[in-house]
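See below for the structure under consideration.
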Amino acid sequence: MPPTVETLLRSTRVVLPEGTRPRSVVLSGGRVAAVLPHDAGPPPGARIVELGDTALLPGLVDTHVHVNDPGRTPWEGFATATRAAAAGGVTTIVDMPLNSLPPTTTVEALTVKRRVAGPRAAVDVAFWGGAVPDNAADLRPLHEAGVMGFKCFLSPSGVEEFPPLDAARLDTVMTALAAFDGLLLVHAEDPARLDAA
């Protein structure tokens, strides 16, 4: 049995891969079910929302968000970060692995972050894992648990619990990630140059 159609959104400015066009967008079960011509009749029972020339576009994904929850929630928690994201049209955030306690450097820490985010999140949330000294064995399990990739620093991160990698440990991390085609984001500032400045 097909899902019940909930809503038809109609706008003269629907943003699509091929450009902005007049269209009707059918939502079912909270997802886009169809993109139809602007003058298409609504499916039976659909609620119709006429948007006029208000732009209708896919939600944005913010891939670099520091949600400091748990542990430093007053800095920014999931409730405030995700409400602010939604207000700005962001429908998915990807949380950075540092500043929360614990940092997202193990599957156990990822589990804690997900548990805290779940009831507080107003948008979809994904997570980056952290690559820190001596957690190379945690990288594949974090990847298998669903992190988008990994972040590391080569100079101090600003929080003690997320220390930087030296050249040898960076090599170890890159080798570990190459085994499963993992993605690595590197704060690549050279600590010696920073110290000299």
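Any read-out appearing in this document is the output of simple, stated calculations on the displayed coordinates, not a laboratory observation. As the structure is a computational prediction, the values presented were derived from the model and not from experiment. Here the Cβ positions follow ideal geometry from the backbone for every residue, glycine too, while neighbour counts run over all protein chains shown.
Starting from region 1-69, pick out the GluC sites (Glu not before Pro) whose DSSP state is loop and whose Cβ has at most 13 other Cβ atoms within 10 Å.
Glu18
Have a look at the DSSP beta bridges in region 7-50 and tell me what percent are antiparallel, nearest 5.
That works out to approximately 80 percent antiparallel.
Need one number: convex hull volume per residue for region 116-197, Cα atoms only, in Å³.
Convex hull volume per residue, Cα atoms: 118 Å³.
Tell me, what ³J(HN,Hα) does each residue in region 57-65 have, in order and in whole Hz, if you take phi through Karplus 6.51 cos²θ - 1.76 cosθ + 1.60 with θ = phi - 60° and put x for Gly and Pro?
9, x, x, 8, 10, 9, 8, 9, 10
When ranked by the protection proxy of mean other Cβ atoms within 10 Å per residue, highest first, what sequence do the peptides 61-67, 11-17 form?
The densest-packed peptide leads the list: 61-67, 11-17.
Normalising by the residue count of region 7-50, find the relative contact order in percent from Cα pairs under 8 Å and 6+ residues apart.
RCO, region 7-50: 42 percent.
Of the GluC sites (Glu not before Pro) in region 101-195, which ones lie in a loop per DSSP and count no more than 10 other C-beta atoms within 10 Å?
Filter output for region 101-195: Glu160.
Enter the angle in degrees (range 0 to 90, nearest 10) between the Cα long axis of helix 107-120 and the first principal axis of the Cα atoms of the chain, meaning the one along which they spread out most.
Approximately 40 degrees, to the nearest 10.
Taking N as the number of residues in region 60-195, what is its alpha-carbon radius of gyration divided by 2.2 N^0.38 Å?
That ratio works out to 1.03.
What is the set of long-range amide H partners of Thr7 at a cut-off below 5 Å, with H atoms built 1.01 Å from backbone N?
Here the answer is Leu27, Arg47, since their amide H atoms fall under 5 Å of that of Thr7.
Compute a Gaussian network model of the chain, connecting alpha carbons closer than 10 Å, and tell me which residue from Leu139, Leu51, Leu177 fluctuates the most.
Largest GNM mean-square fluctuation: Leu51.
Out of Pro22, Ala109, Ala46, whose Cα points farthest toward the positive end of the dipole of the chain (charges: +1 Lys, Arg; -1 Asp, Glu; placed on Cβ)?
Ala46
Where does the chain land at 222 nm, in deg cm²/dmol rounded to the nearest 500, when only DSSP H runs of n ≥ 4 count, each adding -39500 (n - 2.57), divided by all residues?
After summing the helix terms and dividing by the residues of the chain, the value is -7500 deg cm²/dmol.
Could you give me D for region 1-147, from Stokes-Einstein at 25 °C and 0.890 mPa s, where the hydrodynamic radius is the Kirkwood radius over C-alpha pairs? Units µm² s⁻¹, please.
Value of D from the Cα-based Kirkwood radius: 140 µm²/s.
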